[in-house]
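> Supplied in structure tokens, the structure appears directly below.
Please treat every number below as a calculation from the coordinates, not as lab data. Given the structure is predicted, the values throughout are model-derived calculations rather than measurements. Cβ coordinates were reconstructed from backbone atoms using ideal geometry, including for glycine residues, and neighbour counts include every protein chain displayed.
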Amino acid sequence: MQTLHASKCGLSTAQLPSYILDVIDALTKAGFEAYIVGGGVRDLMLGLNPKDFDAVTNATPAQVKEVFGRRCRIIGRRFELAHVYSGRELVEVATFRAPPKKAVTSASGMILRDNNWGTIEQDFARRDFSINAMYYQPRKGIVLDFCHAIDDIKNKTLRLLGDPTLRFEEDPVRMLRTLRFAAKLNFSIAPDILEVFTPEMTQLLRDISPHRLYDESQKLFTMGHLNRVLPMLIDFDIWRQLFADIDPEISTFIERAAINTDQRIQIGKTINPAFFYAVLLWKPFLERCEFYANKGMVAAEARAQAGLDVLKRQATRTIIPRFAETFIREVWEMQTRLLSPKPQQIQALSTHARFRAGFDFLLLREKSGDQSTQGMGTWWDSYQLMSTDEKERAISQYNRQRAKSRRKAPTGDVVEAKSVSVEIEPLVKETAPRSRRERSRDRSKPERPVQMVTSGGSEIRADHPILKRKRVKRDLNQVVFGPTQ
């Protein structure tokens, strides 16, 4: 173990938010040891902006509860933790762990219970990666390094503490964490990890709860380096363990969506992780829609049933929450509505709660070379930037083009036989639309006098309905005169 000066590691209290200092100070004042540990310390040393900070202490969760009172909530069974609220921020406070006295593991070696308290020396050995095992005490200005993690940070190497096979068996999710850290930090993976990172080892992920795998997949989607980690998921055979019916290949659509997601995170925009699931599952959804369409099912019912099938199948790997499933299905349904909107519904559609997500999805499809969008992605993109008057003109123009395409539909088909093309005659021949000059010329002509017929002292116009009736001769021999029964 070596004690490093925080200043030489590029660390200072000025970099820390007030909420983590509040937690460290409260625990120290109560007579306990308290350190900042994990990704927060690692990212600060690498010059990155940490997403959050975790604390570790020798106080048990019950003692942490006594220190913070109602601000603290104890969670977890397999791995008991204390969640401490400081204002609106949440700090995860863990207790020093020791090796279990009696191992409680599954048949594959996964740890089922890990609530044995110990010392800081025992705790560092329980952590997964060396770069996450540096303990920073901000008030003392020191960093405790038990495993030469500072060298791994300088060499940009991802190294597991202990035997990689045993560490993966203890918690198979560490395989996902390995790829996530390698992609996020642009670190190389140590050779001893690569030796055991086999397709057979990835089968252990089947023992992990689908709920937990969904949470881990969200971390992959939202870390800001999704485009870099996707090929790694395929190369290390993790893809098949996370996604049920999605081919292990990165299409242009998926690649563009990944790049777009990373760019939004880098400029500070919010993202919905369920959006990328909608992208990943789009191809299986279309295939399932076609399956039901071939059975003669109505299009709307086919889409609804296809969405249920695809999401139910994906739940065997990662269980997507109900609200996220609803979002995904609404984004898919918006594709149909955005492709052929009714002119009178365009304005209302642009203010729909799922319009933005549906439009982004449509535009990504179009930019990826999907010809079925018919250019509507670009049309909606331009529509949003128009003024009110311009939007009205755009809707009128769209309405005319829509009516024109409908008129051309019956006459546009061509029958080809023996190299001779014959245009199908329309059932009703429509007169060609006249020009504005011809219409004004007709209006300037003097109106022809209407023929009048006098009958019984009253004048009847020639266009009266009674004069247009068709006289029908009747055979009076068939008429019976007299009272009827």
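> Go through region 43-55 residue by residue and turn each phi into a ³J(HN,Hα) via Karplus (6.51, -1.76, 1.60, θ = phi - 60°); whole Hz please, and just put x for glycine and proline.
These are the phi-based 3J(HN,Hα) values: 5, 4, 5, 8, x, 9, 9, x, 6, 7, 10, 10, 10 Hz.
> Here is a further query. Ordered by packing density, taken as the mean number of other Cβ atoms within 10 Å over each peptide's residues, highest first, how do 359-366, 190-197, 234-241 rank?
Details: 359-366: 21.1, 190-197: 15.0, 234-241: 18.1.
Going from most to least packed, we get 359-366, 234-241, 190-197.
> Another question, then. Once phi is turned into ³J(HN,Hα) by the Karplus curve 6.51 cos²θ - 1.76 cosθ + 1.60 with θ = phi - 60°, what whole-Hz value does each residue of region 33-39 show in order, with x for glycine and proline?
7, 8, 9, 8, 9, x, x
> Efficiency by 1/(1 + (r/R0)^6): what FRET value for Ser251 and Ile75, r their Cβ-Cβ distance, R0 = 56 Å, to the nearest 0.05?
Numbers: r = 39 Å, r/R0 = 0.70.
Plugging the Cβ-Cβ distance into 1/(1 + (r/R0)^6) gives 0.90.
> Once you've got the Cα coordinates, tell me which of Lys51/Lys283; Lys8/Lys269; Lys219/Lys342; Lys51/Lys154; Lys342/Lys367 are over 30 Å apart. Working shown, then result.
On the way: Lys51/Lys283 33 Å; Lys8/Lys269 34 Å; Lys219/Lys342 39 Å; Lys51/Lys154 21 Å; Lys342/Lys367 24 Å.
Checking Cα-Cα distances, Lys51/Lys283; Lys8/Lys269; Lys219/Lys342 exceed 30 Å.
> Let me ask something else. Quick one: if the Förster radius is 22 Å, what FRET efficiency do Lys156 and Arg228 give, using the C-beta to C-beta distance and rounding to 0.05?
Details: r = 14 Å, r/R0 = 0.66.
It comes out at approximately 0.95.
> When Val84, Val67 are ordered from fewest to most other Cβ atoms inside 10 Å of their Cβ, what list results? Write out the running numbers ahead of the final one.
Working: Val84 24, Val67 20.
Ranked by crowding around the Cβ, least crowded first: Val67, Val84.
> When only alpha-carbon atoms count, how far does region 339-404 stretch along each of its three principal axes, as whole angstroms with the largest first?
30, 29, 18
> So how much slack lies between Ser382 and Asp215, counting 0.36 nm per residue of separation and subtracting their Cα-Cα distance, in nm?
Details: separation 167, 0.36 × 167 = 60.12 nm, distance 3.65 nm.
Between Ser382 and Asp215, full extension yields an extra 56.5 nm.
> Take peptides 391-400, 160-169 and line them up by average Cβ neighbours within 10 Å, highest first, as a rough protection proxy.
Working: 391-400: 13.4, 160-169: 17.9.
The packing order, highest mean first, is 160-169, 391-400.
> So what are the ³J(HN,Hα) numbers for region 317-327, from phi and the Karplus equation (6.51, -1.76, 1.60; θ = phi - 60°), rounded to whole Hz, Gly and Pro as x?
Listing the rounded values in order: 10, 10, 7, 7, x, 4, 5, 6, 4, 4, 4 Hz.
> Also: Quick one: order Ser405, Ser130 by neighbouring beta-carbon count within 10 Å, fewest to most. Display every interim value, and only then the final one.
Numbers: Ser405 10, Ser130 24.
Exposure proxy ranking, most exposed first: Ser405, Ser130.
> Return the ratio Rg/(2.2 N^0.38 Å) for region 1-159, where Rg is computed over Cα atoms only. Please list the in-between numbers first.
Numbers: Rg = 15.6 Å, N = 159, 2.2 N^0.38 = 15.1 Å.
Region 1-159 yields a ratio of 1.03.
> Which length gain, in nm to one decimal place, applies between Asp192 and Gln397 when the Cα-Cα distance is subtracted from 0.36 nm times their residue separation? Don't skip to the end; give the middle numbers.
Numbers: separation 205, 0.36 × 205 = 73.80 nm, distance 6.48 nm.
That pair, Asp192 and Gln397, stretches by 67.3 nm at full extension.
> Which of Asp389, Asp145, Asp370 comes first, and how do the rest follow, when ranked by fewest Cβ neighbours within 10 Å?
On the way: Asp389 8, Asp145 20, Asp370 15.
In increasing order of surrounding Cβ atoms, one gets Asp389, Asp370, Asp145.
> Under a 5 Å amide H to amide H cut-off, with H placed in plane at 1.01 Å, what residues pair with Met134 once short-range neighbours are removed?
Amide H neighbours of Met134, under 5 Å, 5+ apart: Gly38.
> Using only Cα atoms, figure out Rg for region 272-420 and give it as a multiple of 2.2 N^0.38 Å. The partial results should precede the final answer.
Numbers: Rg = 18.0 Å, N = 149, 2.2 N^0.38 = 14.7 Å.
With N residues counted in region 272-420, Rg over 2.2 N^0.38 Å equals 1.22.
> Can you list the GluC sites (Glu not before Pro) in region 248-296 that are in a DSSP coil and have 16 or fewer other beta carbons within 10 angstrom?
Numbers: sites: Glu249, Glu255, Glu287, Glu290; in loops: Glu249.
Within region 248-296, the qualifying GluC sites (Glu not before Pro) (loop, at most 16 other Cβ atoms within 10 Å) are Glu249.
> With a Förster radius of 60 Å, plug the Cβ-Cβ distance of Lys404 and Thr28 into 1/(1 + (r/R0)^6) and report the FRET value to the nearest 0.05. If you can, show how the numbers build up before the last one.
Values: r = 77 Å, r/R0 = 1.28.
E between Lys404 and Thr28, to the nearest 0.05, is 0.20.
> A further question on this structure: In Å³ and rounded to a whole number, note down the convex hull volume per residue for the Cα atoms of region 101-253.
Details: hull volume 22.0 nm³, N = 153.
Roughly 144 Å³ of hull volume per residue.
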